[in-house]
């Protein structure tokens, strides 16, 4: 009996976790999300048990044993205890899980309403707003003064808009200037006021909006359009078009779908970058997975979709 209990309580759960991880369509990301939800339930289980004992101090095991012997009053007591426990869990657990998911990074609690306002004003039809919240987290951890600076490159702010220089010091590209040209509301955004959080978030909305408008007619649905636009945000829209062409040339690869299809084909280097520990290909694919599968869920409640 002890051996059976050991297998049932220790080995079997580990085996189930391994099986779910192996079968996870998102390389473990879906399982991690489900485990986070389970953790929220476990956190409230003990307080719920104590609260139930205070409200109805009966022994459920004793009542169940008597009920199995045909004792009808004991069966009523056991059923009442079970209903009370489930009711308390139903009341408490959504709040606990919501509080857990509400732990947003950086200045998200302060500036997420600004992002929502900018979406309302400039892209009210965005079908999955939480993607942009997750994208800002992936880019900067919701730190408006986040800066990535090297001898030839500088990326700043929530959206990490970047300017880069050639070896001779001349400007190679300026992503801030490029996005400024896409919307009159960004006309006053320059490198001098680059840390303005509203303009940073406005730029994130505008850049994604343009990509989505171009890609949505070409792909299966809005979800795949947003996934490909996140890949474009990190690695360039031209790169996504090239990857779709590579996918279309391969049997069983659907260029309208990102996960499991376009994501597997790329012209990006697979050699690890010095100082990054990952290749351009790995960085780009991880970016999309983190935004669409890992981080997005925590923004759904606040952003509506």
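The set of residues from region 148-165 being assigned to a loop (DSSP other than H, G, I, E, B) and farther than 13 Å from residue 176 by Cα comprises 150, 151, 152.
Those helices (runs of 4 or more DSSP H) of region 229-305 in which at least 1 residues are assigned by TED's automatic domain parsing to the domain that holds residue 128, over 23 Å from the mean Cα position of the chain (by Cα) and over 26 Å from residue 142 (Cα atoms), considering only elements entirely within it, cover 237-248. Of the residues making up region 200-214, those that are without any contact (Cβ under 8 Å) to a residue 60 or more places away in the chain and crowded, with 21+ Cβ neighbours inside 10 Å are 200, 203, 207. A search for C-beta distances below 8 Å between a residue of region 281-292 that is without any contact (Cβ under 8 Å) to a residue 12 or more places away in the chain and any residue that is surrounded by fewer than 17 Cβ atoms within 10 Å (Cβ to Cβ), counting only pairs 6+ apart in sequence or on different chains, returns 286/278.
Matching residues to (1) closer than 30 Å to residue 111 by Cα; (2) crowded, with 16+ Cβ neighbours inside 10 Å:
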site: 248; (1), (2): no, no
site: 281; (1), (2): no, yes
site: 294; (1), (2): yes, yes
site: 301; (1), (2): yes, no
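Does region 174-187 include one or more residues that are under 22 Å from residue 212 (Cβ atoms), under 20 Å from the mean Cα position of the chain (by Cα) and assigned to a helix (DSSP H, G or I)? No, every residue in region 174-187 fails to be under 22 Å from residue 212 (Cβ atoms), under 20 Å from the mean Cα position of the chain (by Cα) and assigned to a helix (DSSP H, G or I).
The values are calculated or read from the model by the stated rules, or taken from the named source; none is laboratory data. Just so it is clear, the model here is predicted, and its values are computed rather than measured. Backbone-built Cβ (ideal geometry, glycine too); neighbour counts: all protein chains shown.
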